[in-house]
Structures are given as structure tokens and as C-alpha cells.
């Protein structure tokens, strides 16, 4: 497997991890002794932050898109994926879809994309 294909595999693997975690009923997760307010929103934020960093890197290297287009596509793809998951949670999984989860996904995607842009600039 080449380095470029390995990066694409990481994007697909991470999307699969997100889907799997979001499909599992919330009652299946262990409860913590310390209550963390909005812990699920924090998890959504970081899942999509990582997703956007990986996807943006893949788009910039493989598709050779301009930085602005890679950012727009990354953010839109992450938000669309998050929206799809929320609809699936509401309709088919034993979980409820929430607008605030989608907002956390979007914020994570934006910050992850900006982090990816800033990191690529410093590396060069």
C-alpha cells in the first residue's frame, strides 16, 4: 500500500469509526462517575475535527485542489456526513438525532480544516 493510499484508507477508516460509534445505542456506553456537561457534544466536536484534518490533507495532496476549494469541500462533506448520521440516528438507530450534535460536528470540521491549513503552511 502506497503512502497516498494509506492516507485515503485512514479517511475511510475514521469515517467508519464515526459511523459505528454513532450507530451504537447510547445505553451501551459505560457511564462515568464524574458527570461532564455536554460530553457528547465534545466527542462530536473532536470526531469531526479529526475527520476534517484527514479529509483536507487527502484532498490537498491527491486532488490537488486549491486551498480554498479543499476547505469548502472538506467542511461541506463533514457537515453533510454529520447531518446524515443525525438523520439515521433519529430514524433508524436507537438514538435521537440532535441539532446541537450537528452544530458540534460543523464547528469541529471548521476548526479542523483551519488547523490543517495552518499546519500545512508551517510545514512548508
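What the Cβ-Cβ distance of residue 4 and residue 68 gives, at R0 = 25 Å and to the nearest 0.05, is a FRET efficiency of 0.65. Computed from Cα positions, the angle between helix 3-23 and the longest principal axis of the chain comes to roughly 20 degrees. Only alpha carbons enter this Debye calculation for region 1-66, each as an equal point scatterer, and the log10 of I(q)/I(0) it gives at q = 0.14 Å⁻¹ is -0.55.
Going by neighbour counts of Cβ atoms within 10 Å, the residues 58, 98 line up, fewest first, as 98, 58.
Look at 92, 81 and count the other Cβ atoms within 10 Å of each Cβ; fewest to most, that gives 92, 81. Using 0.36 nm per residue and subtracting the Cα-Cα separation, the extra length available between residue 118 and residue 93 on full extension is 5.3 nm.
The listed peptides 107-118, 7-18, ordered by packing as a protection proxy, come out as 107-118, 7-18 (highest mean of other Cβ atoms within 10 Å first). Tell me, what is the FRET efficiency for residue 13 and residue 46 to the nearest 0.05, using R0 = 22 angstrom and their Cβ-Cβ distance as r? Plugging the Cβ-Cβ distance into 1/(1 + (r/R0)^6) gives 0.85.
Comparing 27, 52, 61 in a Gaussian network model of the chain, where Cα atoms under 10 Å apart are tied by springs, the biggest mean-square fluctuation is seen for 27.
Calculated over region 1-110, the projected area of the Cα convex hull averaged across directions stands at 7.7 nm².
Bear in mind that the values in this text are calculations on the coordinates, not laboratory data. Only a predicted model underlies this, so the values are computations on that prediction, with no experimental measurement involved. As a convention, Cβ positions derive from the backbone with ideal geometry for all residues, glycine included, and neighbour counts pool all protein chains shown.
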